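Derivation of every value follows stated rules applied to the coordinates shown; laboratory data play no part. Note that the structure is predicted; figures quoted are calculated from it, not measured. Quick reminder, even Gly has a Cβ in these numbers, built from the backbone with ideal geometry, and neighbours come from all protein chains shown.
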Amino acid sequence: MAINDYKSQLSNPMKTLIISLLLLGTQPLLAQTKLDRQGHRGTRGLMPENTIPAMKKALDLGVQTLELDVVSSKDKQVVVSHDPYMAADITLKPDGTPVTAAEQKQINLYQLTYAQIKSYDVGRKPHPQFAQQQKMAAYKPLLGELIDSVEAYARQKGLPLPNYNIEIKSSPATDNVYHPTPAEFVPMVMEICEQKQLGRRFNIQSFDARPLQLIHQQYPTVRLAYLTGNAKSVDENLAVLGFKPQVYSPYYKGVTAETVKTCHEQGMTIIPWTVNTKAEIDSLVQLGVDGIITDYPNLF
C-alpha cells in the first residue's frame, strides 16, 4: 500500500502519530544503507590485519567493501601486506622469535620468495595498538588466494559478495627496492582481478599517483581512489594526479563540510580513512561522506 493511501485511512491523531514515527524511523536506516562500510585491512582492530580470517570476520560484521594492501614478492607474486617488509609489530620469524624494530626493514618482501614470506607468522604476536585483536596463527596470503577464500566463504554463509578496495603500495623513492615500478606492478595486480572475474566489484587505490595514472590510461573502466594524507586542498591534490578519480579518500581528520561539498560538486565520492570511534563515524556521516574506512567494522 502506498503511504498516501495508508494516510487517507487514518481516523484519529494516534494513528497519525504512529505513521509519522514509522516514517521518521526509516530515515537513518535508508541513510546507512547508502554508506560504503569498509573494513580496513579486513578488521585490523579485531583480527590480524590483511589476513583471510580478518576478511571473513569483516563479512560477518556486514562490511560491504574489504580494504587491503598489496606488495610484491621476489618471484613476482602479489602478496596482501601493508608493509613491503616484515613489520615488527605483528611478525614472528619462522623459528618463532620476534622480528625487531631494528631489523624489520631489512626483511624485505621483494627480496623473499612467496614460500619464504608465508613461513613468517603475522597473527600470534600481541599488537601494541589493538588490544581487542584476536590472536591466532596467520600468514600473509596471496591476493588470488584471499579472493578465492572470501568468495567461497560468502557463498557458504549466504552473504553478499563483497567489493575489494585494493591499495597498491608503491613510491618513486623505493622503485625496484621494495616493489616493481608501476609499469610492472599494475599489470600484475590487474591480471589477478581479471582472472577472478571481479567485474565492477573492485577498485584500485594508492597514495602514489603513478599507478592510478597508468590504470586511468590503460584500464579506463576501472574505478580508482586517490588516497591523500596531507593538508593540501582537494584541487591541489587533483592537480598532482592529473584527472578526477571516482573516489577521493583523504585522512579523516582533515575532512570538513567544504571538503565533502567540493568532492560532490566534482562528481567524486568521498571515503575517509581510518575512522576508529563511533562518534567520529557519526560525525562524518552527518557531513555527508559516502563511505568510511575503519579498523572496527563492529562500530557500524
How far is helix 13-34 tilted off the main Cα axis of the chain, in degrees rounded to 10, range 0 to 90? 20
Around Q195, with a cut-off of 13 angstrom between Cβ atoms, what is the net charge of the other residues, counting Lys and Arg +1 and Asp and Glu -1? -4
Taking the Cα centre of each part, how many Å lie between segment 281-295 and segment 194-269? 17
As I understand it, the dipole of the chain uses +1 on the Cβ of Lys and Arg and -1 on the Cβ of Asp and Glu, about the Cα centre. Which of P187, N176, G96 lies farthest toward its positive end? G96
In the chain, with Lys and Arg counted as +1 and Asp and Glu as -1 at Cβ, which of these residues, T228, G242, S283, has the Cα nearest the positive end of the dipole, that is, farthest along it? S283
Quick one: net charge around P245, please, counting Lys, Arg +1 and Asp, Glu -1 for every other residue with C-beta under 14 Å from its C-beta. -1
How many nm separate the modelled label positions at S119 and K34, each set 7 Å beyond the Cα in the direction of the Cβ? 5.3
What does the extension gain come out to for T174 and N230, with contour length at 0.36 nm per residue minus their alpha carbon separation? 18.2 nm
Mind giving me the nanometre distance, one decimal, between the label points for K74 and Q111, set 7 Å out from Cα along Cα→Cβ? 0.9
Over the chain, relative contact order from alpha-carbon pairs under 8 Å, at least 6 apart, %: 18
Charge tally for neighbours of E167 with beta carbon under 10 Å away, counting Lys, Arg as +1 and Asp, Glu as -1, is -1
Burial-style ranking of 158-168, 172-182, average other-beta-carbon count within 10 Å with highest first, yields 158-168, 172-182
Fraction of antiparallel bridges per DSSP, segment 34-299 only, in percent to nearest 5: 20
Before rounding to the nearest 500, sum -39500 (n - 2.57) across all DSSP H runs of length at least 4 in the chain and divide by the residue total; then give [θ] at 222 nm in deg cm²/dmol. -11000 deg cm²/dmol
May I ask for the distance between the Cα centers of segment 142-170 and segment 39-95, given as a whole number of Å? 12
For the chain, size of Cβ-based charge dipole, Lys and Arg +1, Asp and Glu -1, in debye: 620
